[in-house]
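The values are calculated or read from the model by the stated rules, or taken from the named source; none is laboratory data. The structure presented is a predicted model; accordingly, all values stated were derived computationally and were not measured. Glycine also receives a Cβ, built like all others from the backbone with ideal geometry; neighbour counts cover every protein chain displayed.
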């Protein structure tokens, strides 16, 4: 542990050295006062040591912090503006991972290469899969059997994930049980309130088709009875023929808005929007402020669908 001394404290040290020549007791009392002034350990009981946790994406960071509070130090690997499709951890992040206790995975693509490395090189790291026990969907437009990882876009699925987070934190930090349970219960209530709010916003649009660039909204659409139509298919941007078919379909559906993500190029979406006389609107499913962001996305979707004739 490093301590940086201010000039006034250096003067205190010099004074103590002088005192040492004359009186050991005075020196000891002076040194004790110096320790207290600097905040050095003197035998007092410290606060609880934070439990170190890593997650894959920013919404998970929010979930863990809501439940863990100040007892938990949590870091998301994928930072703002980065894509879980192409992300690779930095050496600094890997070094911090080696010193952590828990890693909550959620199924995003970069984990497929990372998890085997962590299992081999970090045997003391506990990896918890937040998809456990959930009713998972196949990813729209992907290879057969590829699961959709975007479970966090359904608040009621997040409620189940939050319980698993709580149980894991209690297992590693039993002294925080009361805090974790209390925080989970409040978070669960907030998620139910959020779900009811989104139902109110989106219920009048049930059965409508949402045109999106990336097929991230399968769970969201399932929860709120919408249909997702993605520009990307099998992980690839559309070629000329498919782009023409999408434009034709969008015209038939009288679509006026194509929803894009900041993590992906919107060139193809803009081409479709221009051809149909529409616009592109950005949604960010990876934003950290989950509660606000989910409501914002629902409102943007509702406005976009209101612009589209039923």
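Does residue 248 meet the test of being more than 24 Å from the chain's Cα centre (by Cα) and either farther than 22 Å from residue 138 by Cα or free of Cβ contacts under 8 Å to residues at least 12 places away in the same chain (or both)?
Yes.
Could you check region 90-104 and list, in sequence order, the residues that are outside any helix (DSSP H, G or I) and within 30 Å of residue 176 (Cα to Cα)? Before the answer, list the steps.
Just the residues of region 90-104 that are outside any helix (DSSP H, G or I), to begin with: 90, 98-104.
Matches in region 90-104: 98, 99, 100, 101, 102, 103, 104.
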Matching entry among 52, 83, 25, 56 (being modelled with pLDDT under 95 and closer than 25 Å to residue 289 by Cβ): 83
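Regarding residue 165, is this residue touching a strand residue (DSSP E or B) at 6+ places or on another chain (Cβ under 8 Å), in contact (Cβ under 8 Å) with a residue 60 or more places away in the chain and crowded, with 21+ Cβ neighbours inside 10 Å?
When the stated conditions are applied, residue 165 passes them.
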Determine which single condition residue 267 fails, assuming it passes every other condition in (1) closer than 27 Å to residue 57 by Cα; (2) buried (at least 18 other Cβ atoms within 10 Å of the Cβ). (2)
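Do we have any residue at all in region 128-143 that's part of a helix (DSSP H, G or I), modelled with pLDDT of 95 or more and not assigned by TED's automatic domain parsing to the domain that holds residue 296?
Filtering region 128-143 down to residues part of a helix (DSSP H, G or I) leaves none.
Checking region 128-143: not a single residue is part of a helix (DSSP H, G or I), modelled with pLDDT of 95 or more and not assigned by TED's automatic domain parsing to the domain that holds residue 296.
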Since residue 61 meets every condition but one in (1) over 12 Å from the mean Cα position of the chain (by Cα); (2) in contact (Cβ under 8 Å) with a residue 40 or more places away in the chain; (3) part of a helix (DSSP H, G or I), which condition does it not meet? (1)
Given (1) out of contact with any strand residue (DSSP E or B) (no Cβ under 8 Å at 6 or more places or on another chain); (2) in a loop (DSSP other than H, G, I, E, B); (3) at pLDDT below 85, residue 254 misses just (3)
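Is it true that residue 116 is surrounded by fewer than 20 Cβ atoms within 10 Å (Cβ to Cβ) and part of a loop (DSSP other than H, G, I, E, B)? If you could, list the steps in order and put the result at the bottom.
Details: surrounded by fewer than 20 Cβ atoms within 10 Å (Cβ to Cβ): yes; part of a loop (DSSP other than H, G, I, E, B): no.
No: the conditions fail for residue 116.
State yes or no: is residue 224 at pLDDT below 95, surrounded by 17 or more Cβ atoms within 10 Å (Cβ to Cβ) and either in the same structural domain as residue 272 (by TED's automatic domain parsing) or over 22 Å from residue 139 (Cβ atoms) (or both)?
Values: at pLDDT below 95: no; surrounded by 17 or more Cβ atoms within 10 Å (Cβ to Cβ): yes; either in the same structural domain as residue 272 (by TED's automatic domain parsing) or over 22 Å from residue 139 (Cβ atoms) (or both): yes.
Considered against the rule, which asks whether it is at pLDDT below 95, surrounded by 17 or more Cβ atoms within 10 Å (Cβ to Cβ) and either in the same structural domain as residue 272 (by TED's automatic domain parsing) or over 22 Å from residue 139 (Cβ atoms) (or both), residue 224 comes out as no.
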So, in region 265-292, exactly how many residues are in contact (Cβ under 8 Å) with a residue 40 or more places away in the chain, under 18 Å from residue 214 (Cα atoms) and out of contact with any strand residue (DSSP E or B) (no Cβ under 6 Å at 6 or more places or on another chain)? 4
